[in-house]
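Novice: Have a look at this one.
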Amino acid sequence: MIREALKALWEYRLRAALTLSILAFGTTALVGILTSLEALRTFIARNLAGLGSQAFSISGGGGFQIRIRTSRGRLSMGGEGNPIHLWEVRQFEQLFSYPGARISRHIPVNFSAQAMYGRRKTPAQVRIVGVDPSYFRIQELSLAEGRFFSSSEVLHHQPVIVLGDNVATQLFTDESPLGKWVIIQGQLYRVVGVLSRRGSLFGFSLDWECFIPWTVAQNHSRSLTVSLYIGAPSVEKVPDVIQAARLAMRTVRRLRPSEQDSFSIIQGEQLADFVLDQIRIVTLATIGISLITLLGAALSLMNILLVIVKERTHEIGLRMALGATRLMIRWQFLTESIVIALIGGAGGILLGLLIGNLVSVLIGSTFVMPWRWVLLSVLLSGIVGILAGYQPALEASRLHPVDALRYE
């Protein structure tokens, strides 16, 4: 019966191709978008949630205030546009106290610098950030070689630097960078360490990021605004440390109990939870839109099959005259409909996986094979075939053999 269905499809290949394209488009939209979302979900779960599972940051507000409930608690973003200054950091460090917690300043110097060593140069995409030595432990960074700079070097404003993997690879192809002096934006820095490869985050390579002591950064930064990175002694203590840090910063800024925070507190895992929640909503919306698309494909397929039944009236009468029962005729056309739907669905699945994994490559994620969405697409294709083919199959089986043989 399947062979007969394939033979009929070949005989009516133009209409079959039109039907297949309609079904493939609907399935491609479903699988492509869902595969892309799955790649994004995998990327966020692997990268964003892992950026310091025991850490959070405090930064100045950006003129707005957002408070979001996540599975890990409240996520506060925004503020009243008040950047954190160094004098506020000093007061915060005096007021904030929590056993085992670590604090690091974070001062951005340049996000599009060019590094040079001898005649070698990097692209103008090197990011220079000033931090405390504790920052490396808070953010769980590791070294490929060398060491992190020390508290003594920070205190004495020593021009030392820890290079990102890409910067070290570009400048030092056949020698060790340790102890060498590099020039970045006209400033000399002595290399003391090289970070292990970190990968990308939302399309930005983290391996172009270099770190210098914050005391050196404050002399070269275009802005003296500061962010604070705070590490808790354990994951369980993070909410308590956040509460202590919020109280200390509110005291520094002399905020009344009725006033909102004029700063942002962001934890990587909370942000990851928020983004993943939004992805789940988009996923449900995508499934709904794709179901509507597939419903339209089912109606188109049914209309085309009804036309095919009309054109094959003489063939149906001949089959009945040779002994085919109404049930056999019904199953024949129903099988043809299911085969068309499955072939169209298979083409759509392959194209959707290709598009989804292309997006995965662009955002720096890994190959994704969303089996549950693939199986859902196969199931939906079969259902579409049954729904679209039932009425044409019923019409074909109701034809009278004599009338069908007379039809031209």
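Each reported figure results from applying straightforward, stated rules to the coordinates on display, with no laboratory input. Here the structure is a predicted model, which means the values were calculated and not measured. Cβ: placed from backbone, ideal geometry, glycine included. Neighbour counts: every protein chain shown.
Novice: Can you give me the three principal axis dimensions of the range 55-267 from its C-alpha atoms, in Å, biggest first?
Specialist: 59, 32, 32
Novice: What relative contact order, as a whole-number percentage, does the range 55-267 give when Cα pairs under 8 Å and 6 or more residues apart are counted?
Specialist: 35
Novice: Considering only DSSP states other than H, G, I, E and B, which GluC sites (Glu not before Pro) in the range 115-222 qualify as loop sites with at most 14 other Cβ atoms within 10 Å?
Specialist: Counting only loop positions with at most 14 other Cβ atoms within 10 Å, the GluC sites (Glu not before Pro) in the range 115-222 are Glu140, Glu175.
Novice: If I model a spin label at Ser196 and Met328 as a point 7 Å from the Cα along the Cα→Cβ vector, what separation in nanometres do I get?
Specialist: Calculated label separation equals 6.9 nm.
Novice: Whose amide H sits under 5 Å from the amide H of Val160, counting only residues 5 or more places off or on another chain, with H placed in the peptide plane?
Specialist: Excluding prolines and chain starts, which carry no amide H, the hits are Arg190.
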